[in-house]
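The values are calculated or read from the model by the stated rules, or taken from the named source; none is laboratory data. Just so it is clear, the structure is predicted and the values come from calculations on it, not from any experiment. Heads up, the Cβs are rebuilt from the backbone with ideal geometry, glycines too, and the neighbour counts pull from every protein chain shown.
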Amino acid sequence: MTAVAPVIHSTVPRELQFKVLVIGEFGVGKTAVIRRYTEGHFSPYYKLTIGVDFAVKTLDWDAKTKVTIQMWDIAGHERFGHMTRVYYKYAVAAIVVFDLSRPPTFEAVLKWVSDIREKVTLCDGRPIPVLLLANKCDIDSITIQPEVISNFCKQHLIDAWFLTSAKEDINIGDAMKWLVGRILEVRSSSPAPAPVVRTLAPEDPPEKPSSYCCSMVCSEPGVVLAWCTANPDDGVGMVSHWLIIF
């Protein structure tokens, strides 16, 4: 009689990391959207982003899956810079944000979407998912109608769009929940694992909070130094990770 070894099911959840770009014209609320999602609050006093910052949010997607989202906040003027290809590399999704009260920022969405599709794809060559956020929906002076946005997304193959307000916390969580679900859906249908950002931490690192923010300094293509702080308002930071994007 042949003995059969018992099947042992691991109780350790899988941990996935995904890099998500947050792009759009300056002043549309990209940083506010990121802070609302990762930190749960809004401030009217955000400084203009220079280059790129990123924030990290970790969530328990289900009993078997923990997901870490690295949200890369790309400055509005960076579309014209030579570093965007480096910033975009290994992204698995993009959020394009525009300001409902400023029609020119909506007109610029297609340029940002085209820039993404020219510079980054999934590992199997497919375009990365794109989510459009029509931000500042709490403002009264809105002239862009929802039908126009819906038709625009269908015409340009944008996966989904949401009316949002970082100030009033409208649809930020729902939009991000949709995006994470879409990333996992695309990943499961890919013949090879979707690319993820590898974060190399020192030995025996202290436990990280579920969200934190970083500023990026690019010394050369291939190496990015992340200056991280658990609380971006305390003015104290420590170099805790080297982010290698090759």
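Which of the residues that make up the range 97-155 are closer than 20 Å to residue 29 by Cα, among the hydroxyl-bearing types (Ser, Thr, Tyr) and surrounded by fewer than 18 Cβ atoms within 10 Å (Cβ to Cβ)?
If the condition is that a residue be closer than 20 Å to residue 29 by Cα, among the hydroxyl-bearing types (Ser, Thr, Tyr) and surrounded by fewer than 18 Cβ atoms within 10 Å (Cβ to Cβ), then 101, 141, 143 are the ones that fit.
Being at pLDDT 90 or above, touching a Leu at 6+ places or on another chain (Cβ under 9 Å) and either loosely packed, with under 14 Cβ neighbours inside 10 Å or over 17 Å from residue 28 (Cβ atoms) (or both) is the filter here; which residues of the range 45-87 pass it?
Correct list: 61, 65, 66, 67, 68, 69, 70.
When you scan the range 161-172, do you find a residue that is in a helix (DSSP H, G or I), surrounded by fewer than 17 Cβ atoms within 10 Å (Cβ to Cβ) and either out of contact with any strand residue (DSSP E or B) (no Cβ under 6 Å at 6 or more places or on another chain) or small (Gly, Ala, Ser) (or both), even just one?
Scanning the range 161-172 turns up no residue that is in a helix (DSSP H, G or I), surrounded by fewer than 17 Cβ atoms within 10 Å (Cβ to Cβ) and either out of contact with any strand residue (DSSP E or B) (no Cβ under 6 Å at 6 or more places or on another chain) or small (Gly, Ala, Ser) (or both).
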